[in-house]
Amino acid sequence: MKKQLLFTALAVGISLCGFAQTKGTNALSFGVNVMSNKNTTTNYENKNETNSFSLGYGYFFKDNRKLGLDLSYGLNKYNATNSIEQKVKSYGGSVSYQHYFPLVKTLFAYAGGRAGYLHSKNDNTPQDYTPFNSTSNQYNIGAYGGITWFVSKRFALETSLLTADIVYNKSKTEELNDTGFYSKSENTSFNLSSQGFINNLGFKIYILF
């Protein structure tokens, strides 16, 4: 988080000529979001790691207004002292709209909306535990905003600071029971998900042309 705050502070302080993103500009983006959480006690430890990556294309159909398409891949790993190990892979995509507002020279705030889909699969065969696998399909629509630093006419850095999504999720789990037969269960959920200021920051790097 300190590095992300430092990035914003440096962006405000740098004095470069402004770069207005005009109609007809294309933007290729690569995004990375990395989170890690570790809990340790005297005789127990668990660790949760999440890595997600995105590749996107955007088009400025008007000055400072962009439509975008993003594809994403994610991997979540969970390990614990009692030999439980889980890996969840996810694939998805989203379409978005962003409106940019100039702040200080090359620093812009943005706000927009997006709609997306995410498919995830969990395959597990932990030691001393019942093997199972699960899949889920998630649909979301919502609003988000953040800060973009247009470093030059060809490069920009962007981070998301605020998000609010309406999420619909449908999941299915298959588990091998004690009798040797698989049991199946299905669940659906509908909820509102939101993240406050400077929570779960992720970066995108843009190449503009």
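The values are calculated or read from the model by the stated rules, or taken from the named source; none is laboratory data. Nothing here was measured: the structure is a model prediction, and the numbers come from that model. Here the Cβ is made from the backbone with ideal geometry for all residues, glycine too, and neighbour counts use every protein chain on show.
Would you check which residues across the stretch 130-157 are within 16 Å of Lys66 (Cβ to Cβ) and in contact (Cβ under 8 Å) with a residue 60 or more places away in the chain and list them?
Ile147, Trp149, Phe150, Lys153, Ala156, Leu157
Return the only residue of Gly113, Gly74 being surrounded by 17 or more Cβ atoms within 10 Å (Cβ to Cβ) and closer than 28 Å to Leu208 by Cβ.
Checking each option against the conditions leaves just Gly74.
Report the residue count in the stretch 89-111 for those that are in contact with a Ser or Thr (Cβ under 6 Å, 6 or more places away or on another chain) and under 11 Å from Gly146 (Cα atoms).
Within the stretch 89-111, residues that are in contact with a Ser or Thr (Cβ under 6 Å, 6 or more places away or on another chain) and under 11 Å from Gly146 (Cα atoms) number 2.
Would it be correct to say that Ile205 is surrounded by fewer than 17 Cβ atoms within 10 Å (Cβ to Cβ), modelled with pLDDT under 85 and farther than 23 Å from Tyr78 by Cβ?
no
Being over 30 Å from Ser120 (Cα atoms) and at pLDDT 85 or above: is that true of Gly24 here?
It is true that Gly24 is over 30 Å from Ser120 (Cα atoms) and at pLDDT 85 or above.
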